[in-house]
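Beneath this line is the structure, given in structure tokens, with notes to follow.
The values are calculated or read from the model by the stated rules, or taken from the named source; none is laboratory data. Bear in mind the structure is a predicted one, so any value in this text is a computation, not a measurement. Cβ sites come from the backbone with ideal geometry, for glycine too, and all protein chains shown count toward neighbours.
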Amino acid sequence: MNKDQKQQDFRRSDRIFARLAKVAGSLILVALAAVALFLIFEGVPGMLADPDTTSIFRGKSFWEYAWPLVFGTMWAAFLALLFAVPVSLGIALFITHYAPRKIANGLGYVIDLLAAVPSVVFGLWGILVLAPAVQPFYAWLFDNLHWIPFFAGERVSGTGRTILTAALVLAVMILPIITAITREIFLQTPRLHEEAAVALGATRWEMIRMAVLPFGRSGIISAAMLGLGRALGETMAVAMVLSATGAVTINLLTSNNPSTIAANIALQFPEAYGMNVNVLIATGLILFIVTFLVNAAARWIVNRRAEFSGAN
């Protein structure tokens, strides 16, 4: 086979691979469009349903029914992110800059394996282990810090199955995702930047603060948004752990807890019929829109950071 024939074969292979890559990328858009169309066509009738003839509303309008679920979803996801991000950054920094190589490799494997644990296992752990363990601590917070709105309420939960416990379970679930991504971002920090900071007399923490964290800022935001997406859509763990009443409250320690959209769909769908199914799909449409907006905002922030860094 001559040289020209080999070049033609390579070009043909490149064209085939490029076409297959375009098809694969287009399938993502097709699937996303199909999901969006299904949610719109099936969900809009639920939004327009008559409250008097739809039993799931219980005399409320659709937005009165959906608003507590939206609030609970955002509140639980925000709390989970608040707990998970600092811990994930600490673990990632420990693995990349503090731990000996053998310990770092072993800890990295453990973190990666934690991401493979099913949601049901986290739910069982939350309801059987975590909730009873933290209930005495909740009682102490309620007795001593009830003047803080987050720890206020009529009485503390006797089971520990509160929105705070659900948020802690979600934090453990999204921790591996955020840790794995930030770990890889920190490892990509240019070695010359780190050595330059050390050469100027910076301590290890000062080197991390001046060289590593600024370099990985966009990656940290991306990791946090991926974790937030997991927290927004989590179903089984929240449904098993949370004792929900559908209230809109920021109290963290009482039995009066908001529910989430995903958990509410999982709990209500088996018994739903007729227009009630459309109502649940409509709440799923809201969750779809919220998740899409969160991811779009994250992408915008990351792109702005990249353009700003490139300009400098």
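Miscellaneous remarks
- Of the residues making up segment 47-87, those that are of a type in the set (Phe, Trp, Tyr) and over 15 Å from the mean Cα position of the chain (by Cα) are PHE57, PHE62, TRP63, TYR65, TRP67, PHE71.
- Of all residues in segment 252-282, those satisfying the criterion of being assigned to a loop (DSSP other than H, G, I, E, B) and either surrounded by fewer than 23 Cβ atoms within 10 Å (Cβ to Cβ) or modelled with pLDDT under 85 (or both) are SER255, ASN256, ALA272, TYR273, GLY274.
- Residue in segment 49-65 that is assigned to a helix (DSSP H, G or I), of a type in the set (Ser, Thr, Tyr) and modelled with pLDDT of 90 or more present: no
- ALA244 farther than 28 Å from ALA296 by Cα, modelled with pLDDT under 85 and of a type in the set (A, V, I, L, M): yes
- Considering (1) buried (at least 16 other Cβ atoms within 10 Å of the Cβ); (2) under 27 Å from the mean Cα position of the chain (by Cα); (3) of a type outside the set (S, T, N, Q), the lone condition that ALA202 does not fulfil carries the number (2).
- GLY90 within 19 Å of the chain's Cα centre (by Cα), more than 30 Å from MET275 (Cα to Cα) and without any contact (Cβ under 8 Å) to a residue 24 or more places away in the chain: yes
- A search for C-beta distances below 6 Å between a residue of segment 184-209 that is within 19 Å of ARG101 (Cα to Cα) and any residue that is β-branched (Val, Ile, Thr) and in a helix (DSSP H, G or I), counting only pairs 6+ apart in sequence or on different chains, returns PHE186/THR96; PHE186/VAL212; LEU187/THR96; THR189/VAL212.
- Segment 240-269: number of residues that are of a type in the set (Phe, Trp, Tyr) and touching a strand residue (DSSP E or B) at 6+ places or on another chain (Cβ under 7 Å): 0
- Exclusive hit being touching a helix residue (DSSP H, G or I) at 6+ places or on another chain (Cβ under 8 Å), more than 22 Å from ALA131 (Cβ to Cβ) and either in a loop (DSSP other than H, G, I, E, B) or not small (Gly, Ala, Ser) (or both), set VAL212, VAL238: VAL212
- Filter result (crowded, with 21+ Cβ neighbours inside 10 Å and modelled with pLDDT under 85) within segment 212-229: GLY216, SER222
- PRO45 in a helix (DSSP H, G or I), farther than 25 Å from GLY216 by Cα, at pLDDT below 90 and not aromatic (Phe, Trp, Tyr): yes
- Out of LEU285, LEU293, LEU232, one residue alone is assigned to a helix (DSSP H, G or I), free of Cβ contacts under 8 Å to residues at least 40 places away in the same chain and under 24 Å from PHE41 (Cα atoms). It is LEU293.
- Where helices (runs of 4 or more DSSP H) sit wholly within segment 96-179, those with at least 1 residues that are surrounded by 21 or more Cβ atoms within 10 Å (Cβ to Cβ) and touching a residue at least 12 places away in the same chain (Cβ under 8 Å) occupy 119-125, 131-145.
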